[in-house]
Amino acid sequence: MKKSILFIGLALLPLVGCNQAAKTADAGTPAAAPNENTIPDWAFGGFVRPEKANPIITPNAATLFDCPMRGEKIAWEESDVFNPAATVKDGKIYILYRAEDNSATGIGSRTSRIGLAESTDGIHVERRSTPVMYPGNDNMKEYEWPGGCEDPRVAVTEDGLYVMAYTSWNRKVARLCIATSRDLINWEKHGPAFAKAYDGRFKDMGCKSGSMVTKVENGKQVLTKINGKYFMYWGEAQVSAATSDDLINWTPVLNEQNELAAVIKPRDNYFDSALTECGPPAILTDKGILLFYNGKNQNDDNRRDKRYTAGAYCAGQILTDAQNPMKLLKRLDVPFFRPMETFEKSGQYVDGTVFIEGLVFFKDKWYLYYGCADSQVGVAVYDPAKKVPGDVIPD
C-alpha cells in the first residue's frame with residue numbers, strides 16, 4: 001500500500017451546538033414560543049411544505065419497462081418511490097427519484113431504478129414512463145445486479161455536465177458510484193467512486209451518500225472547487241470526505257492514523273444519535289460550506305433523543321470552514337425538518353422519514369426534495385426573503 005496519504009487539517013473547533021430553542025430576547029423584545037425552532041443565520045430555513053401539494057410523486061403500477069436484467073416487462077415503480085435528487089436544466093427542475101418494483105418485500109430486497117420527472121414550478125411534476133438509470137447489460141452488472149441503482153444525488157458543472165453520485169446494490173456490498181450525463185436521460189456509468197484511490201484499498205468498502213460541494217453563481221447552482229479540487233462529503237456512519245480532479249475518481253480524506261477522517265459522528269441523546277448520512281449537494285456560502293444531512297435517532301432509550309420517535313430520520317445542517325472543509329464550525333442541535341405529516345410516517349418506514357437528497361436554487365428560492373417514509377416523494381420550499389422557523393420542537 002502506498003504511504004502517500006491525503007491530509008487535510010483536522011483540528012476541529014470545540015463542537016458548537018446551536019441552541020435553537022426559544023430564548024428570551026433583549027429587553028423589550030418578546031420571547032419566542034417555547035417550542036419554536038429558530039434557524040440561525042448561517043443555516044437555511046425554515047422549509048415550508050406547500051399546502052395540499054404533497055406527496056408530489058407516488059407509486060404507479062401502470063408504467064412498464066422492458067427490463068434487461070429480468071428479460072420481461074416489469075412495473076418498475078409499482079411499490080415505492082422515494083429518495084430523490086434534483087437539478088435545474090433549461091428553466092425547469094428535474095427530479096431523479098428511486099423507484100422499486102414488487103419483486104420482493106422488505107427494505108433493500110427489491111430492485112431499484114431511477115426515474116425522471118420535470119417541473120416548471122418545482123411542485124407539479126410530469127414523469128417519464130421509463131427509468132433513466134437501472135441495472136442493465138453493461139459494465140456495472142457485478143455491482144448492480146440484482147439490487148439496482150439507489151439514492152442519487154446530482155449536481156452540474158458550469159458547462160452543463162451533470163454528475164450523479166448513487167449507490168449500486170448487488171445485495172452484498174453497497175458502493176458509492178459515479179455517472180455523468182449531458183441530458184439527464186442518457187447516463188454513462190463510471191463505476192465505484194473510490195476504485196483507484198490508494199491502490200484500490202476502498203474499492204469494496206461499503207459506502208454511500210455523496211454530497212458534492214456546489215455554489216450559486218449568476219443565479220445558477222454549479223459544482224465548485226475547494227483549494228483547487230472538487231470536494232465531496234459522503235457516508236452514513238459518520239460524515240467523511242473525498243477530493244477529485246475530474247469528478248469521477250475520488251480520493252477519501254484520511255487522518256493521521258491512516259483511517260477515514262470524520263467531520264462529524266453521531267451524538268448520544270440527539271436526533272442524530274444513530275447515523276449522520278449526507279444529504280443533497282453541499283453549498284459554499286459567504287459563511288462557509290453548508291452541508292445538509294439525515295440524522296437517524298437511536299432505538300436505545302439511553303442513547304436516543306426522547307423528543308423524537310425512536311428510529312426516525314430527521315434532517316440537520318452543519319457549517320464547515322471554506323478553506324479547511326474538514327473543520328466543523330457550527331451544527332444544529334435539533335432538526336430543522338422532521339417527520340410531521342401522515343405521509344411522512346406511513347409507508348415502508350413507519351418510524352417516520354424525511355430523507356433529504358435533492359436541493360436546488362430556482363427562481364430565488366430553495367426547493368428541498370425528500371423521501372417520505374421510504375414510499376413517496378415530497379417537497380418543501382425555503383424563501384430567503386421570508387425567514388420562518390423550522391419544524392416545531394416536540395416536548
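The values are calculated or read from the model by the stated rules, or taken from the named source; none is laboratory data. Note that the coordinates shown come from a computational prediction; the quantities given were computed from them, not determined experimentally. Every residue, glycine among them, receives a Cβ derived from its backbone with ideal geometry; neighbour counts consider all protein chains shown.
Considering the range 243-281, the residues that are of a type in the set (Gly, Ala, Ser) and within 14 Å of Ser211 (Cβ to Cβ) include one that is surrounded by the most Cβ atoms within 10 Å (Cβ to Cβ), namely Gly279.
Among the numbered conditions (1) charged (D, E, K, R); (2) under 21 Å from the mean Cα position of the chain (by Cα); (3) within 17 Å of Lys215 (Cα to Cα), the only one that Asp286 does not meet is (2). Residues that are assigned to a loop (DSSP other than H, G, I, E, B), touching a residue at least 24 places away in the same chain (Cβ under 8 Å) and touching a Gly at 6+ places or on another chain (Cβ under 9 Å) do occur in the range 350-359, at least one of them. Beta carbons closer than 6 Å, at least 6 apart along the sequence or on distinct chains, pair a first residue in the range 92-108 that is without any contact (Cβ under 8 Å) to a residue 60 or more places away in the chain with a second that is of a type in the set (S, T, N, Q) and surrounded by fewer than 16 Cβ atoms within 10 Å (Cβ to Cβ) for Lys92/Thr120. Taking the range 161-193 as the range and being aromatic (Phe, Trp, Tyr) and outside any strand (DSSP E or B) as the test, only Trp187 passes. Taking Glu100, is it acidic (Asp, Glu), buried (at least 22 other Cβ atoms within 10 Å of the Cβ), under 21 Å from Ala373 (Cα atoms) and touching a strand residue (DSSP E or B) at 6+ places or on another chain (Cβ under 7 Å)? Against the criterion (acidic (Asp, Glu), buried (at least 22 other Cβ atoms within 10 Å of the Cβ), under 21 Å from Ala373 (Cα atoms) and touching a strand residue (DSSP E or B) at 6+ places or on another chain (Cβ under 7 Å)), Glu100 qualifies.
To keep it simple, each residue is scored yes or no on (1) surrounded by fewer than 20 Cβ atoms within 10 Å (Cβ to Cβ); (2) assigned to a loop (DSSP other than H, G, I, E, B); (3) at pLDDT 95 or above; (4) in contact with a Leu (Cβ under 7 Å, 6 or more places away or on another chain).
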{"site": "Ile5", "(1), (2), (3), (4)": "yes, yes, no, yes"}
{"site": "Pro14", "(1), (2), (3), (4)": "yes, yes, no, no"}
{"site": "Gly28", "(1), (2), (3), (4)": "yes, yes, no, no"}
{"site": "Ala33", "(1), (2), (3), (4)": "yes, yes, no, no"}
{"site": "Ala53", "(1), (2), (3), (4)": "yes, yes, yes, no"}
{"site": "Trp76", "(1), (2), (3), (4)": "no, yes, yes, no"}
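Scanning the range 354-381 for residues that are aromatic (Phe, Trp, Tyr) and surrounded by fewer than 24 Cβ atoms within 10 Å (Cβ to Cβ) turns up Phe361, Phe362, Trp366. Any residue at all in the range 286-301 that's under 17 Å from Leu319 (Cα atoms), surrounded by fewer than 20 Cβ atoms within 10 Å (Cβ to Cβ), of a type in the set (D, E, K, R) and out of contact with any strand residue (DSSP E or B) (no Cβ under 7 Å at 6 or more places or on another chain)? Scanning the range 286-301, I find at least one residue that is under 17 Å from Leu319 (Cα atoms), surrounded by fewer than 20 Cβ atoms within 10 Å (Cβ to Cβ), of a type in the set (D, E, K, R) and out of contact with any strand residue (DSSP E or B) (no Cβ under 7 Å at 6 or more places or on another chain), so the answer is yes. Take Phe271 and tell me if it is at pLDDT 95 or above, within 23 Å of Val381 (Cα to Cα), aromatic (Phe, Trp, Tyr) and part of a loop (DSSP other than H, G, I, E, B). In short, yes. Among residues of the range 122-172 being closer than 14 Å to Trp187 by Cβ and of a type in the set (Lys, Arg), the one that is farthest from the chain's Cα centre (by Cα) is Arg128. One residue alone among Thr130, Thr157, Thr167 is buried (at least 24 other Cβ atoms within 10 Å of the Cβ), touching a residue at least 40 places away in the same chain (Cβ under 8 Å) and of a type in the set (S, T, N, Q), and that residue is Thr167.
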